[in-house]
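> The structure follows.
The values are calculated or read from the model by the stated rules, or taken from the named source; none is laboratory data. Bear in mind that the values here come from a model prediction, so they are computed numbers and not experimental data. Note: ideal-geometry Cβ built from the backbone for every residue, glycine included; neighbour counts use all protein chains shown.
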Amino acid sequence: MKKELIFLGPPACGKGTQTNKLSEYLGFPHIDTGSLLRAEIAKATPDGLYAKSFIDKGQLVPPELVGQIIGNRLSEDDCKEGYVLDGYPRSLAQAELLEKINAGTDKEKADFKAIYFDIDTELLIERIVNRQSCPKCGEIYNKKFKPSKVENICDKCNVELKTRADDNEEIARARFDTYNKETAPLIEFYEQKGVLYKLDANGSIDDVWNRLLDIVNK
Ligand code: AMP
């Protein structure tokens, strides 16, 4: 059974940390549209520069660009057995495009799940402004809640940790507005289709991981 796993939840709900682990555990690629877009920005491609103007305002990058990136990525060979899709879809139009992409897989042979990280939003801005990640392995740290052993250095790769340009309070607030307006309606969209799995995303990384495994292995 091909596992098609997508994830919903507000910014900094813990999706990145858990989906990184999950992709390793299942052996499926971790496809994260935010990181794919940041890679284009780092290479200063025309697509990257265009995307940056939206990311810097906490808005969604226009659907044609993200749709093209995701369509190409999901058609690669390593997605044949399954994928862990983090950060896509983020609007109803994107969800509809994903249905078209997935239509190529026989429904009987696919296990599609939309996993919603349900979390108390109070602490999330504080999580965002303290967040760091490793540019090499993608591991996510937090200066306050999950510090690296040596300040600013990845525990695994020994390279300097980076802070995302959009992880400041002003842009974070705009990202929450965008999430509430454009992405939150997907919860009902998938619920009506009978494929929504609600995950209590409060608590420690290990607690959330165990709950996630229960859902994925259902
Ligand atoms: P993330 O790393 O998931 O927090 O995404 C960072 C930023 O990239 C978002 O605030 C958006 O501007 C952009 N982005 C990521 N995924 C998408 C998407 N599926 N559609 C549109 N914009 C996206």
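> Can you go through Ala44, Ala51, Ala93 and tell me which one is surrounded by fewer than 20 Cβ atoms within 10 Å (Cβ to Cβ) and assigned to a helix (DSSP H, G or I)?
On inspection, the qualifying residue turns out to be Ala93.
> Quick one: in segment 158-197, of everything that is in a loop (DSSP other than H, G, I, E, B) and within 18 Å of Ser35 (Cβ to Cβ), which residue is farthest from the ligand (Cβ to nearest atom)?
Looking at the filtered set, the residue picked out is Val159.
> For segment 1-28, enumerate the residues that are crowded, with 18+ Cβ neighbours inside 10 Å, more than 9 Å from the ligand (Cβ to nearest atom) and assigned to a loop (DSSP other than H, G, I, E, B).
Gly9, Pro10, Cys13, Gly14, Phe28
For every residue, the table says whether it meets (1) on the phi < 0 side of the Ramachandran plot; (2) within 15 Å of the ligand (Cβ to nearest atom); (3) within 17 Å of the chain's Cα centre (by Cα).
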site: His30; (1), (2), (3): yes, yes, yes
site: Ile55; (1), (2), (3): yes, yes, yes
site: Asn72; (1), (2), (3): yes, yes, no
site: Thr105; (1), (2), (3): yes, no, no
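> How about segment 115-132: which of its residues are surrounded by 16 or more Cβ atoms within 10 Å (Cβ to Cβ), part of a strand (DSSP E or B) and in contact (Cβ under 8 Å) with a residue 60 or more places away in the chain?
Ile115, Tyr116, Phe117, Arg131
> Further question on the same structure: May I ask you to list pairs of residues, at least six apart or on different chains, whose Cβ atoms are under 7 Å apart, with the first in segment 1-29 being at pLDDT below 95 and the second being polar (S, T, N, Q)?
Here the result reads Lys2/Thr105, each pair linking segment 1-29 to a residue that is polar (S, T, N, Q).
> Confirm whether Leu98 is assigned to a helix (DSSP H, G or I), within 15 Å of the ligand (Cβ to nearest atom) and of a type in the set (A, V, I, L, M, F, W, C).
yes
> Sticking with this structure for a sec: Taking interchain pairs and intrachain pairs at least six residues apart, which have beta carbon atoms under 9 angstrom, with the first residue in segment 69-81 and among the small types (Gly, Ala, Ser) and the second surrounded by 11 or more Cβ atoms within 10 Å (Cβ to Cβ)?
Gly71/Leu97; Gly71/Ile101; Ser75/Ile101
> Also: Under the condition of being among the β-branched types (Val, Ile, Thr) and in contact with a strand residue (DSSP E or B) (Cβ under 6 Å, 6 or more places away or on another chain), which residue from segment 162-194 is surrounded by the fewest Cβ atoms within 10 Å (Cβ to Cβ)?
Across segment 162-194, the extreme among qualifying residues is Thr163.
> So Lys80 fits all but one of (1) surrounded by 13 or more Cβ atoms within 10 Å (Cβ to Cβ); (2) under 13 Å from Glu4 (Cβ atoms); (3) more than 15 Å from the chain's Cα centre (by Cα); what number is the exception?
Of (1) surrounded by 13 or more Cβ atoms within 10 Å (Cβ to Cβ); (2) under 13 Å from Glu4 (Cβ atoms); (3) more than 15 Å from the chain's Cα centre (by Cα), only one is false for Lys80: (1).
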